[in-house]
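The values are calculated or read from the model by the stated rules, or taken from the named source; none is laboratory data. Bear in mind that the values here come from a model prediction, so they are computed numbers and not experimental data. With ideal geometry, Cβ positions are generated from the backbone for all residues, glycine too; neighbour counts draw on all protein chains shown.
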Amino acid sequence: MLGEYRIEGRRAAEIAASVERAVGSGGLEPGQLLPPMRELAGELGVNPNTVAAAYRTLRERGVIETAGRRGSRVRSKPATTGREHIGVRVPAGVRNVAAGNPDPALLPGLAEAFAVAAARADREPVMYGEDAVEPELARLARADLDADGVPDGPVVVASGSLDAIERVLAAHLKPGDAVAVEDPGWGSLLDLVPALGLRTVPVRVDDEGPVPEDVLRALEGGARALVVTDRAQNPTGASVTAARARALRSVLRAHPRTLLVEDDHGHRIVDLPLHPLAGVTHHWAFVRSVAKAYGPDLRIAVLTGDRVTVDRVHGRQRLGPGWVSLLLQRAVVHLWTSGAVDVPAVAGAYGRRRDALIAALAERGVEAHGRSGMNVWIPVPDETGVVARLLHAGWAVAPGARFRMNAPPGIRITVSTFTPDDIVPVADAVASAIGPEAVRRYV
C-alpha cells in the first residue's frame with residue numbers, strides 16, 4: 001500500500017509528522033491510500049485512537065482526506081506540496097513571464113513615504129495597547145469603499161490578502177466545511193483552503209466572473225462559504241460585470257447564511273468599475289490589498305465586513321501578531337494621499353499590454369482571456385507540451401495546473417513588463433507552441 005515508505009512514530013504528533021514529511025518529499029504521492037487505522041496501529045504498536053488522532057490532524061492540515069469505508073488517502077493537491085512548486089525552472093537567457101508580479105517601473109518610490117512614517121515614529125513611538133489601525137488609513141479606505149458601493153462596516157488591517165482571507169475563513173468555518181472557489185483561480189487560495197482542513201468546491205469562471213449556475217449548485221450542495229475575485233481575477237483577468245453581480249446576488253440572497261469573501265486585489269491598477277456582492281448575506285468580508293499598486297513587500301490589506309466577522313478577525317489577530325506595523329500603515333497613507341500612483345496611467349499601461357497580446361493571439365487563431373489586471377489566460381490542448389515548447393523558445397510561462405482543479409488546461413502569461421516589441425514574438429511563440437492543427441481543433 002505504501003511502497004517503500006514506512007510510517008513511524010509512537011505519538012499522534014509523531015505519526016502525523018511522519019506522513020507529512022513523506023508527502024512533502026514525494027515518499028507518499030497524491031492520491032495514495034493510507035493503511036486502515038487499526039492496521040497501522042498494529043504495525044506501530046500503539047492504540048488505534050492514537051492513529052485516529054494523527055489522521056484527524058492530517059485532515060485538518062489538508063494533507064489527507066477520508067472517504068468513509070474507502071479509507072484515507074493523500075489529497076490530490078496536498079497543502080504540504082504547495083502549488084507554487086508547480087512551474088518551470090527558468091534558465092539563463094529565458095524571459096520569465098510567469099511570476100505574476102507588477103511592473104517595477106509602475107511602482108512608486110518608497111523612500112519618502114517611509115521617511116515620513118519613520119519621522120513620526122521617532123516623535124511618537126508606537127507602544128503596546130495602541131489602536132491596531134491607523135485612523136487616517138481607515139478613513140481613506142472607508143471613503144474609497146463607500147464610493148464603490150461596499151456596505152458600511154468597521155475596518156481592520158491584515159498582512160496581505162491571503163492573511164485576511166485566512167482569518168475570515170477561520171473565524172466562521174470548521175474543518176470539513178466546504179468552500180466554493182473559482183476554477184481556475186488563485187493558486188495560493190486553492191492551497192490555503194485544504195490547509196485549513198476545509199474542502200474546495202470548484203466554480204467555473206468566465207470573463208464576467210463566477211458562473212451563477214455553478215455557485216448555486218455549490219451552495220445547494222452544502223458549501224458554507226464563497227470566495228469571489230471582483231476584478232483582475234488571477235489567472236483569467238475576469239471582472240465581475242453589473243449583470244453578473246445581479247445574478248450572483250440573487251443566488252446569495254436565497255442562501256443568506258453563506259459566508260461571502262470578496263477579494264479586490266486589483267484596486268488602483270484597474271479601470272473597470274467595481275460591482276460588489278456584499279450586503280445580501282449575514283456574514284461577509286471585503287478585502288483590498290496594496291500589493292499590486294504600491295509593491296508586494298508592503299504586506300498591507302484592508303478588510304471590512306459585518307461587525308461579527310470583523311470583531312472575530314480583530315480578536316484573533318490580537319492573540320497572534322497583535323497588529324500590522326503602524327509604520328507600514330502610515331507609509332501607505334503617505335503613498336495614498338500624495339498621489340504616488342497615477343491610477344489611470346497604471347491601469348492604462350497594463351490594459352494596453354494585455355489587449356495587444358490578446359489581439360495578436362486572435363490574429364493567429366489563438367483564444368485568450370484578460371478583461372483586467374496584468375495576466376492573460378490562454379486555454380491550450382496540451383499544457384505540459386506547450387509550456388515545454390515555449391521554454392525552448394525563450395519564454396517561461398505559468399502552467400495552468402497551478403490555478404485549476406477541474407478546469408481545462410491552460411497557461412498564464414504576465415504582461416506587466418511587456419513592451420510593444422514583445423507582443424509579436426510572444427504571440428508567434430504561443431501559436432507555434434500550440435501548433436496550427438491544435439489551434440484549429442481547439443478554437
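Details
- Among the candidates Glu367, Glu383, the residue that is of a type in the set (Asp, Glu) and closer than 30 Å to Arg199 by Cβ is uniquely Glu383.
- Taking (1) under 21 Å from the mean Cα position of the chain (by Cα); (2) surrounded by fewer than 21 Cβ atoms within 10 Å (Cβ to Cβ); (3) closer than 25 Å to Ala429 by Cα; (4) not acidic (Asp, Glu) in turn, Ala349 satisfies each apart from (1).
- Residues of the stretch 356-365 classified as surrounded by 15 or more Cβ atoms within 10 Å (Cβ to Cβ) and in a helix (DSSP H, G or I), total: 5
- Check on Val280, more than 15 Å from Val133 (Cα to Cα), surrounded by fewer than 23 Cβ atoms within 10 Å (Cβ to Cβ), not small (Gly, Ala, Ser) and not assigned by TED's automatic domain parsing to the domain that holds Ile411: yes
- Taken over the stretch 193-233, the residue count meeting the criterion of being more than 19 Å from Ala247 (Cα to Cα) and in contact with a Gly (Cβ under 8 Å, 6 or more places away or on another chain) is 9.
- Within the stretch 15-50, the set of residues being in contact with a helix residue (DSSP H, G or I) (Cβ under 8 Å, 6 or more places away or on another chain) and in a helix (DSSP H, G or I) comprises Ile15, Ala16, Val19, Glu20, Met37, Arg38, Leu40, Ala41, Leu44, Pro48, Thr50.
- Remark: pairs (first residue in the stretch 53-80, farther than 12 Å from Arg199 by Cα; second residue at pLDDT below 80 and assigned to a helix (DSSP H, G or I); Cβ separation under 9 Å; 6+ apart in sequence or on different chains) = Thr80/Gly24.
- Selection of helices (runs of 4 or more DSSP H) fully inside the stretch 210-315 by the criterion of at least 2 residues being of a type in the set (D, E, K, R), over 19 Å from Trp186 (Cα atoms) and out of contact with any Asp or Glu (no Cβ under 7 Å at 6 or more places or on another chain) returns 212-220, 242-253.
- A Cβ distance below 7 Å, combined with a sequence gap of six or more or placement on separate chains, defines the contacts here; from the stretch 352-369, residues that are in contact (Cβ under 8 Å) with a residue 12 or more places away in the chain and assigned by TED's automatic domain parsing to the domain that holds Pro409 reach residues that are assigned to a loop (DSSP other than H, G, I, E, B) and surrounded by fewer than 15 Cβ atoms within 10 Å (Cβ to Cβ) in the pairs Gly365/Val443; Glu367/Val443.
- Here Gly339 meets the list (1) at pLDDT 95 or above; (2) in a loop (DSSP other than H, G, I, E, B); (3) surrounded by fewer than 20 Cβ atoms within 10 Å (Cβ to Cβ) almost entirely, failing just condition (1).
- Taken as a whole, the structure leaves Ala158 outside the set of residues that are farther than 26 Å from Arg299 by Cβ, assigned by TED's automatic domain parsing to the domain that holds Leu260 and more than 13 Å from the chain's Cα centre (by Cα).
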